[in-house]
Amino acid sequence: MDSKPYPDRHSDLVKRCQQGERRAQYDLYQQYVKAMYNVCLRIVNHEAEAEDVLQEAFIDAFSHIGSFRGQSTFGAWLKQIVVNRAINHLRGRRLALVSLDSIPFGDEDNDGTGQPDFADTEPYDEEGVQLEVERVRRALSQLPEGYRVVLSLYLFEGYDHEEIGNVLNISETTSRTQYLRGKKRLLDLLK
């Protein structure tokens with residue numbers, strides 16, 4: 001019995017895809033399409049472009065599924081393809097990160113707003129949470145691409161600043177600065 005470092009609940013579907021079974025590709029696609037679309041949308045910030053990037057990522061994944069060795073879960077492998085496709089798409093649009101010199105320095109993490117921490121003061125209200133999530137999503141979509149991409153990769157995709165720097169071809173320091181400034185701008189938009 002071979003022990004894989006990352007057990008994958010979709011390993012049977014992956015094996016069937018590697019054997020060229022179309023139905024397995026469809027089933028695997030259905031398992032991941034919503035989550036991967038959300039990854040694309042957070043990065044490219046345009047619904048139709050996110051759909052295009054997603055389709056290209058799935059084509060890449062299924063074209064290269066033979067190279068998937070199970071050293072991570074299929075979802076993690078696919079997510080890496082999706083993120084790379086989305087970043088490359090942005091590069092094609094001439095992604096311009098906000099220059100560090102173009103924004104005046106101030107209190108990056110000034111939390112002296114006097115506003116209560118809603119997580120501590122509000123009872124759990126699922127509808128209210130959904131409305132708040134939508135409000136944050138809208139505010140995030142208003143950020144400049146550089147801020148939005150770094151925030152999305154860091155907060156939602158779990159990348160660290162070194163990884164973000166490598167993916168975006170920026171320094172780790174620039175990634176951290178983009179994150180802090182993007183977070184401040186996001187909080188300003190949410191006021």
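The values are calculated or read from the model by the stated rules, or taken from the named source; none is laboratory data. A quick note: this is a predicted structure, and the numbers were derived from the prediction, not measured. No Cβ is skipped: glycine too gets one built from the backbone with ideal geometry, and neighbour counts run over all protein chains shown. With ligands, DNA and RNA removed, areas are computed over all heavy atoms of the protein, side chains included. Shrake-Rupley method; radii C 1.70, N 1.55, O 1.52, S 1.80 Å.
Pairing residues of the stretch 147-165 that are in contact (Cβ under 8 Å) with a residue 60 or more places away in the chain with residues that are part of a helix (DSSP H, G or I) and of a type in the set (S, T, N, Q), at Cβ distances under 8 Å and at least 6 apart in sequence or on separate chains, gives ARG148/SER141.
With respect to being in a loop (DSSP other than H, G, I, E, B) and either open to solvent by 50 Å² or more (accessible area, probe 1.4 Å) or touching a strand residue (DSSP E or B) at 6+ places or on another chain (Cβ under 6 Å) (or both), ARG9 fits the description.
Would you pick out the residues in the stretch 146-177 that are among the polar types (S, T, N, Q) and either within 20 Å of ALA76 (Cβ to Cβ) or part of a helix (DSSP H, G or I) (or both)? Of everything in the stretch 146-177, those that are among the polar types (S, T, N, Q) and either within 20 Å of ALA76 (Cβ to Cβ) or part of a helix (DSSP H, G or I) (or both) turn out to be SER152, ASN166, THR173, THR174, SER175, THR177. Considered as a group, the residues in the stretch 53-75 that are open to solvent by 50 Å² or more (accessible area, probe 1.4 Å) and in contact (Cβ under 8 Å) with a residue 24 or more places away in the chain include one that is farthest from GLY158 (Cα to Cα), and that residue is GLU56.
Here ARG42, ARG16 are screened, and the one residue that is within 16 Å of ALA57 (Cα to Cα), modelled with pLDDT under 95 and surrounded by 15 or more Cβ atoms within 10 Å (Cβ to Cβ) is ARG42. In the stretch 103-145, of all residues being open to solvent by 90 Å² or more (accessible area, probe 1.4 Å) and assigned to a helix (DSSP H, G or I), the one that is modelled with the lowest pLDDT corresponds to PHE118. Only residues that are part of a helix (DSSP H, G or I), over 22 Å from LEU41 (Cβ atoms) and open to solvent by 60 Å² or more (accessible area, probe 1.4 Å) were counted in the stretch 178-191, giving 2.
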